[in-house]
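Structure first, commentary second.
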Amino acid sequence: MHDMVMAYFDGEKNAGLLLIAVGVIGLAAAVLFFQPRWGLRTLAVTLGILALAEIALGAGLYLRTDPQVEGLMAQLASTPARFTSEEAARMARVQRNFVVIEYVELAVIVVSALIAVTQKHRPGLAGVALGLLINGAFLLAFDLVAERRGAEYVSVIRGRGPASP
């Protein structure tokens, strides 16, 4: 169990670092696209704002993981039954939230793609839609992978072994 807890939370830390890296890339893209000659300022602003949010989310995920693992490992060592019960319940909530978040991301992707195509003659609106589309697609992929990692962790917690691929 100890190894699966460590593996799951190592994945969480790596996911936090990935979000930070994508946010930094998003900021670089925002700076690049902000040039007035390209007419992509609304895209640049959207990318920049979402990049800052990704950096903050990634940093929060990374920084909270070690203290969370320390608490869970102490609980696992002292009261394994309580660990199993509480962590299974917490992860059930996390997994349910992923489903909701993924549907919201999918809706953002579809709506922003439709707006980008149907409103391409309105560069400001189309730029915002494209920024949302790019970030929505990345975050959907990110969350699908995180959900799969969480399902494997839940399977081990509940004593069923690793989840099948």
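Search region 91-108 for residues that are surrounded by fewer than 14 Cβ atoms within 10 Å (Cβ to Cβ) and pair each with any residue that is at pLDDT 95 or above and of a type in the set (Asp, Glu) when their beta-carbon atoms are under 8 Å apart and the residues are at least 6 apart or on different chains.
99/147
Which members of region 28-54 meet the condition of being in a helix (DSSP H, G or I) and crowded, with 19+ Cβ neighbours inside 10 Å?
Keep residues of region 28-54 that are in a helix (DSSP H, G or I), which gives 28-33, 36-38, 41-54.
Correct list: 30, 33, 42, 43, 44, 46, 47, 48, 50, 51, 54.
If I ask for residues that are closer than 30 Å to residue 41 by Cα and not small (Gly, Ala, Ser), which ones from region 1-29 would you list?
Filtering region 1-29 down to residues closer than 30 Å to residue 41 by Cα leaves 15-29.
Within region 1-29, 17, 18, 19, 20, 22, 24, 25, 27 meet the criteria.
Regarding residue 105, is this residue part of a helix (DSSP H, G or I), among the acidic types (Asp, Glu) and more than 15 Å from the chain's Cα centre (by Cα)? I'd like the intermediate steps shown before the answer.
Numbers: part of a helix (DSSP H, G or I): yes; among the acidic types (Asp, Glu): yes; more than 15 Å from the chain's Cα centre (by Cα): no.
The answer is no for residue 105.
Which condition does residue 121 not pass, out of (1) exposed (fewer than 13 other Cβ atoms within 10 Å of the Cβ); (2) farther than 29 Å from residue 33 by Cα, if it passes all the others?
(2)
Can you tell me how many residues within region 47-101 are in contact with a helix residue (DSSP H, G or I) (Cβ under 7 Å, 6 or more places away or on another chain) and of a type in the set (Val, Ile, Thr)?
Of the residues in region 47-101, 6 are in contact with a helix residue (DSSP H, G or I) (Cβ under 7 Å, 6 or more places away or on another chain) and of a type in the set (Val, Ile, Thr).
Filter region 55-90 for residues that are loosely packed, with under 14 Cβ neighbours inside 10 Å and either touching a residue at least 60 places away in the same chain (Cβ under 8 Å) or aromatic (Phe, Trp, Tyr) (or both) and give the result.
If the condition is that a residue be loosely packed, with under 14 Cβ neighbours inside 10 Å and either touching a residue at least 60 places away in the same chain (Cβ under 8 Å) or aromatic (Phe, Trp, Tyr) (or both), then 80 is the only one that fits.
The values are calculated or read from the model by the stated rules, or taken from the named source; none is laboratory data. Treat the numbers as computed from the prediction; the structure is a model and nothing was measured. Cβ: placed from backbone, ideal geometry, glycine included. Neighbour counts: every protein chain shown.
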